[in-house]
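The values are calculated or read from the model by the stated rules, or taken from the named source; none is laboratory data. None of the values given here were measured: they were computed from a predicted structure. Backbone-built Cβ (ideal geometry, glycine too); neighbour counts: all protein chains shown.
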């Protein structure tokens, strides 16, 4: 029987080289991961708003009543504080008990959602069309960074789409 008493393991030099390589790879990977998280949050916020518009259009046609998507901020053209989707049965532009269909909280810090021509609400009629005679554009931006900005464009027929060729002011 032969006994092998040789201790196997890593030398200090091998361990230091491995740690240095891991640190370099981490330093290279973190900025791109941060960008991925930022883009993912922007996409999520855009899809949340787009979903609210599509839901309101669908409910207007299903219920055969006007359905409104209204900004919670109360400030003209500013939608970053969230929005409500509701049926305005008594046409007073106020969410009454039993009228609220969905609500969305404020956007994360640093995000802005503004409109170029819809002050505080978008209204869909029973045919699924918006009740104004012009298209709507909403701009979602993060700290005025045009590289991540998104636009949600609603045409006269009520169809909403997302565009990435946007500038933030």
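Values for this structure:
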| item | result |
| --- | --- |
| Selection within the stretch 99-131 - over 15 Å from residue 157 (Cα atoms) and touching a helix residue (DSSP H, G or I) at 6+ places or on another chain (Cβ under 7 Å) | 101, 102, 104, 107, 108, 111, 113 |
| Pair list, Cβ under 7 Å, 6 or more apart: the stretch 45-67 residue without any contact (Cβ under 8 Å) to a residue 24 or more places away in the chain, other residue outside any helix (DSSP H, G or I) | none |
| Residue in the stretch 2-10 that is surrounded by 10 or more Cβ atoms within 10 Å (Cβ to Cβ) and at pLDDT 90 or above present | no |
| Residues of the stretch 83-118 satisfying the condition of being under 19 Å from the mean Cα position of the chain (by Cα) and not in a strand (DSSP E or B) | 105, 106, 107, 108, 109, 110, 116, 118 |
| Residues satisfying the stated conditions in the stretch 39-67, i.e. in contact with a helix residue (DSSP H, G or I) (Cβ under 7 Å, 6 or more places away or on another chain) and surrounded by 22 or more Cβ atoms within 10 Å (Cβ to Cβ) | 67 |
| Count of the stretch 119-147 residues which are touching a residue at least 24 places away in the same chain (Cβ under 8 Å), within 18 Å of residue 79 (Cα to Cα) and in a loop (DSSP other than H, G, I, E, B) | 4 |
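For (1) buried (at least 20 other Cβ atoms within 10 Å of the Cβ); (2) over 17 Å from residue 38 (Cα atoms), each residue gets a yes or a no:
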site: 71; (1), (2): yes, yes
site: 89; (1), (2): no, yes
site: 105; (1), (2): no, yes
site: 119; (1), (2): no, yes
site: 125; (1), (2): no, yes
site: 147; (1), (2): no, no
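Rundown of residues vs (1) modelled with pLDDT of 85 or more; (2) more than 15 Å from residue 45 (Cα to Cα); (3) in contact with a strand residue (DSSP E or B) (Cβ under 8 Å, 6 or more places away or on another chain), yes/no style:
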| position | (1), (2), (3) |
| --- | --- |
| 128 | yes, yes, no |
| 131 | yes, yes, yes |
| 136 | no, yes, yes |
| 141 | yes, no, yes |
| 147 | no, yes, no |
| 150 | yes, no, yes |
| 159 | yes, yes, no |
| 166 | no, yes, yes |
| 169 | no, yes, no |
